[in-house]
Amino acid sequence: QTMRDMGPGKRAAVPASLNPNFRYLRITIGARSGLLALGNEDGDEKKTIEVWFGGQREVLRLQGGRVAGTTGLAAEWRRVELIDIPPWSAVASAKQPVRWTRTRDVMPGYRYGVREEIALAAIPAPRKSELVELDPQQLTWFEERVESAAGIDKLPPARYAVDLREGREIVLYAEQCLAADLCFAWQRWPAQK
């Protein structure tokens with residue numbers, strides 16, 4: 001079973017019997033933690049979407065560390081388009097926030113074509129996060145804020161921790177919300193180095 005017990009307990013605890021042939025995401029929602037396994041990667045080099053699966057048929061799609069779709073959750077994002085996403089390295093060196101656009105369909109509520117203008121900027125490492133087993137100071141942190149949203153309430157800001165060392169752009173950790181009342185953190189497990 002991919003999704004581990006989501007009951008209370010040590011957030012950093014991960015079963016010792018993980019299959020080494022799979023890659024995992026550690027998901028934290030409130031005081032609960034669990035794992036998703038990578039099922040496949042869709043797309044090409046420019047637009048790779050990682051498809052992660054949970055034991056209760058939850059599906060989380062990530063594109064460059066951002067939510068690119070969900071199913072099987074209390075809030076679902078369908079038909080997500082991430083338009084003009086800037087490279088993390090370009091945002092890290094920018095003096096002003098960099099803007100891009102996201103469109104998505106949201107369920108429940110049948111909201112189609114929600115268009116959001118988003119501002120992305122580098123920030124200092126936060127004092128508090130769900131990141132474990134990695135030094136937050138070794139990563140480059142970003143915050144993404146929805147500046148305007150057509151037809152839906154703005155989501156809380158998202159945060160990302162990205163490994164930019166040695167020319168890489170690997171999102172190792174993120175805090176994101178699918179709805180104002182459904183936020184979670186995820187971390188690549190074990191963390192890529």
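The values are calculated or read from the model by the stated rules, or taken from the named source; none is laboratory data. Fair warning: this is a prediction, and the values are worked out from it, not measured in the lab. Here Cβ is always computed from backbone atoms with ideal geometry, including for glycine, and neighbour counts include all displayed protein chains. What goes into the accessible areas is simple: the full protein's heavy atoms, side chains included, and nothing from ligands, DNA or RNA. Shrake-Rupley method; radii C 1.70, N 1.55, O 1.52, S 1.80 Å.
Across q = 0.12, 0.15, 0.24, 0.25 Å⁻¹, region 39-102 modelled as identical point scatterers on its alpha-carbon atoms has Debye log10 I(q)/I(0) values of -0.37, -0.55, -1.04, -1.09, in the order of the q list.
Loop-located trypsin sites (Lys or Arg not before Pro) across region 19-70 with a Cβ neighbour count of 13 or fewer within 10 Å are 46, 47, 57, with loop assigned by DSSP. Atom-type composition of the exposed protein surface of the chain places 49 percent of the accessible area on carbon and sulfur (1.4 angstrom probe).
Model label points for residue 29 and residue 115, set 7 angstrom from Cα along the Cα-to-Cβ axis, are 3.1 nm apart.
Extension gain, residue 41-residue 127: 0.36 nm per intervening residue step, less the Cα-Cα distance, totals 27.7 nm.
The calculated 222 nm mean residue ellipticity attributable to helices in the chain amounts to -500 deg cm²/dmol, summing -39500 (n - 2.57) over DSSP H runs of n ≥ 4 and dividing by all residues.
By the Cα gyration tensor, the chain has an equivalent ellipsoid whose semi-axes, rounded to whole angstrom, run 24, 21, 16 from largest to smallest.
Placing a label point 7 Å from the Cα of residue 84 along the Cα-to-Cβ direction, the residues of region 116-146 whose backbone N falls under 13 Å of that point are 116-120. When you filter the GluC sites (Glu not before Pro) in region 34-67 for DSSP loop state and at most 15 other Cβ atoms inside 10 Å of their Cβ, you are left with 45.
For the pair residue 164 and residue 182, label points projected 7 Å from Cα toward Cβ lie 3.2 nm apart. For region 39-149, the per residue solvent-accessible surface stands at 56 Å², with DNA, RNA and ligands left out and a 1.4 Å probe. Loop-resident GluC sites (Glu not before Pro) (DSSP state other than H, G, I, E or B) in region 112-193 with no more than 12 further Cβ atoms inside 10 Å of their Cβ: 133.
I need the calculated FRET efficiency for the pair residue 19 and residue 96, taking r as the beta carbon distance and R₀ as 41 Å, to the nearest 0.05. It would help to have the intermediate numbers written out before the result.
Values: r = 44 Å, r/R0 = 1.09.
Step by step, r from the Cβ atoms, then E = 0.40.
With an a/c value of 1.5 or above and a/b not larger than b/c for the gyration tensor axes a ≥ b ≥ c computed over the alpha-carbon atoms, region 88-152 is described as oblate.
Placing +1 on the Cβ of every Lys and Arg and -1 on the Cβ of every Asp and Glu, with nothing else charged, gives the chain a dipole about its Cα centre of roughly 280 debye.
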